[in-house]
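Report on the following structure.
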Amino acid sequence: MQGYKTVLRQVDTSVDNLVDDPAVEEAAQLLKSGEVVAFPTETVYGLGGDATLDEAIARIYEAKGRPSDNPLIVHIAGIEQAKRYADDIPPGAEQLMNAFWPGPLTIVLRHNGSLSPKVTAGLDTVGMRMPADPAALALITAADLPLAAPSANRSGRPSPTSARHVYDDLNGRIPVVLDGGETGVGVESTVVDATQTPVMILRPGGISQEELQAVVGPVAVDPSLAFDQSAKPKSPGMKYAHYAPDAPLVLVDGDAAFFAAVVHDAKAAGKRAGALVFEEQIGTTGAEQEVSLGPQADPAEAARRLYDALRVFKRSEVDIIYAVTFADSGIGGAVMNRLLKAAGGRRVSAEDSN
Ligand code: TXA
Ligand code: MG
């Protein structure tokens, strides 16, 4: 489905009111005519379309090359706008909106049937979020539409954290990429199901379980997210590839010495190795290519760098990528969740090899 001459349109982020920005206006007009547009959010870039229009949603799936069996998040510019599409707002959801919007939290609510059924994949619920990026809010406001938007990557690839990533994946497949610079959070929003009590985390992300608990009390976690389940060393791999870099990725549980030993063994077997490690390990791994996720003490920096780092490795240069692991707390839990998916569950542990 080539056919577009994709243009990158810079948004002047120094301006206070972006609703009148010419790039935002042009993108809003495209959205009103049923087209799709890539835009920045504080988490990752999204590929947006009119959430009330079947045809726009079909275009999103087509551009991404993704099967339409997964519901899309609907982006709104305020709590009042969200309420127009929800059937019922439980008290917990109201508290979450007041505390975390605008921000990286998607709240799943019962919908009232006014959105395209293609957005919700036929479910009776919809995930909504008010993004914090000023260009995103201006775009939603200028288009005067709820925007359904998945991450603006080709299906299976790491999510885009810059307009260049979007362009690399979707050039020729969409008309416009609004360029608002690099995203701040770097991993997607936390998805919370607010139709049940206690609310349940369905996807870890930019807002941690600890932060949610401080506002609404106890928070459940979808059992399928349990680390030891998805993380079994010889897991048969997952159904779909997610966030996949160019070369296979393997997670390494252990200290810097164990990491270097794993790389050493790979090289002895004739493989060119890549290493996705903490800043402190740069120069110690022995890998052909090393990429830093920032200081070990700063998982938020790792979140910002993760998807760009996964895009840096090329199969032409490395045969295998080894990556460090993160503890399941704060935003490190979201980074670890994405790394596990990128690795398809492949993991080696110092404890197993003792
Ligand atoms: O940060 C983000 O959330 C980004 C930016 C662009 O906003 N968007 C994003 O969309 O990550 P996507 O389509 O890549 O991921 C949507 C996630 C999926 O895990 C999907 O299953 C879940 O949200 N989701 C959406 N609607 C849902 C619903 N009604 N019930 C349960 N899960 C839902
Ligand atoms: Mg995605």
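The values are calculated or read from the model by the stated rules, or taken from the named source; none is laboratory data. All figures in this text were calculated on a predicted structure; none of them were measured in a lab. Note: ideal-geometry Cβ built from the backbone for every residue, glycine included; neighbour counts use all protein chains shown.
What residue, of 146, 150, 117, is closer than 21 Å to residue 61 by Cα and within 16 Å of ligand 2 (Cβ to nearest atom)? First the steps, then the outcome.
Working: 146 fails: within 16 Å of ligand 2 (Cβ to nearest atom); 117 fails: within 16 Å of ligand 2 (Cβ to nearest atom).
None of the others qualify; the one that does is 150.
Could you tell me whether any residue of the range 48-58 is in contact (Cβ under 8 Å) with a residue 24 or more places away in the chain and closer than 21 Å to residue 185 by Cβ? So that I can check it myself, show each step before the final result.
Here is the first cut: in the range 48-58, the ones in contact (Cβ under 8 Å) with a residue 24 or more places away in the chain are 48-54, 56-58.
Still in the list and also closer than 21 Å to residue 185 by Cβ: 48.
Taking every residue of the range 48-58 in turn, at least one turns out to be in contact (Cβ under 8 Å) with a residue 24 or more places away in the chain and closer than 21 Å to residue 185 by Cβ.
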Here is a list of conditions, (1) in a loop (DSSP other than H, G, I, E, B); (2) out of contact with any Ser or Thr (no Cβ under 8 Å at 6 or more places or on another chain), and residue 168 meets all of them except one; can you say which number that is?
-> (1)
What is the number of the single condition among (1) under 26 Å from residue 212 (Cα atoms); (2) out of contact with any Ser or Thr (no Cβ under 6 Å at 6 or more places or on another chain); (3) not β-branched (Val, Ile, Thr) that residue 131 does not meet?
-> (2)
Residue count, the range 62-74, condition within 10 Å of ligand 1 (Cβ to nearest atom) and either under 14 Å from the mean Cα position of the chain (by Cα) or not in a strand (DSSP E or B) (or both), comes to 7
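Can you say whether residue 173 is among the basic types (Lys, Arg) and closer than 22 Å to residue 338 by Cα, as far as the supplied structure shows?
Details: among the basic types (Lys, Arg): yes; closer than 22 Å to residue 338 by Cα: no.
The answer is no for residue 173.
Criterion first (of a type in the set (Asp, Glu), within 30 Å of residue 213 (Cα to Cα), outside the structural domain of residue 186 (by TED's automatic domain parsing) and surrounded by fewer than 22 Cβ atoms within 10 Å (Cβ to Cβ)) does residue 288 satisfy it?
Details: of a type in the set (Asp, Glu): yes; within 30 Å of residue 213 (Cα to Cα): no; outside the structural domain of residue 186 (by TED's automatic domain parsing): yes; surrounded by fewer than 22 Cβ atoms within 10 Å (Cβ to Cβ): yes.
So residue 288 does not fit the description; no.
State whether one or more residues within the range 108-118 are basic (Lys, Arg), part of a strand (DSSP E or B) and over 19 Å from residue 208 (Cβ atoms). Walk me through how you get there before you give the answer.
Restricting attention to the range 108-118, the residues satisfying the condition of being basic (Lys, Arg) are 110, 118.
Retained after the next criterion (residues that are part of a strand (DSSP E or B)): 110.
Next cut, over 19 Å from residue 208 (Cβ atoms) only: 110.
Yes, that holds for at least one residue.
Just checking, does the range 309-327 include any residue being in contact with a Ser or Thr (Cβ under 6 Å, 6 or more places away or on another chain) and surrounded by 16 or more Cβ atoms within 10 Å (Cβ to Cβ)?
Within the range 309-327 (the criterion being in contact with a Ser or Thr (Cβ under 6 Å, 6 or more places away or on another chain) and surrounded by 16 or more Cβ atoms within 10 Å (Cβ to Cβ)), the answer is no, since none of the residues qualifies.
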Qualifying position, being in the same structural domain as residue 341 (by TED's automatic domain parsing), under 19 Å from the mean Cα position of the chain (by Cα), outside any helix (DSSP H, G or I) and buried (at least 23 other Cβ atoms within 10 Å of the Cβ), among 306, 276 = 276
Could you give every pair whose Cβ atoms fall below 6 Å, whose first residue belongs to the range 192-205 and is touching a residue at least 40 places away in the same chain (Cβ under 8 Å) and outside the structural domain of residue 337 (by TED's automatic domain parsing), and whose second residue is within 16 Å of ligand 2 (Cβ to nearest atom) and outside any strand (DSSP E or B), counting only separations of at least 6 or pairs across chains?
-> 204/334; 204/337; 205/104; 205/187; 205/188; 205/189; 205/334
Say whether the condition of being surrounded by 24 or more Cβ atoms within 10 Å (Cβ to Cβ), within 18 Å of the chain's Cα centre (by Cα), on the phi < 0 side of the Ramachandran plot and assigned to a strand (DSSP E or B) is met by at least one residue in the range 130-148.
-> yes
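Against the definition (surrounded by fewer than 19 Cβ atoms within 10 Å (Cβ to Cβ), part of a loop (DSSP other than H, G, I, E, B) and within 16 Å of ligand 2 (Cβ to nearest atom)), how does residue 155 come out, yes or no? Working first, answer last.
On the way: surrounded by fewer than 19 Cβ atoms within 10 Å (Cβ to Cβ): yes; part of a loop (DSSP other than H, G, I, E, B): yes; within 16 Å of ligand 2 (Cβ to nearest atom): yes.
When the stated conditions are applied, residue 155 passes them.
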For the range 7-31, name all the residues that are surrounded by fewer than 16 Cβ atoms within 10 Å (Cβ to Cβ), in contact (Cβ under 8 Å) with a residue 12 or more places away in the chain and assigned to a loop (DSSP other than H, G, I, E, B).
-> 13, 17
Per-region count, the range 159-182, residues within 16 Å of ligand 2 (Cβ to nearest atom), of a type outside the set (A, V, I, L, M, F, W, C) and buried (at least 23 other Cβ atoms within 10 Å of the Cβ) = 5
Restricted to the range 42-61 and to residues being under 13 Å from residue 31 (Cα atoms) and in a loop (DSSP other than H, G, I, E, B), the residue nearest to ligand 1 (Cβ to nearest atom) is 51
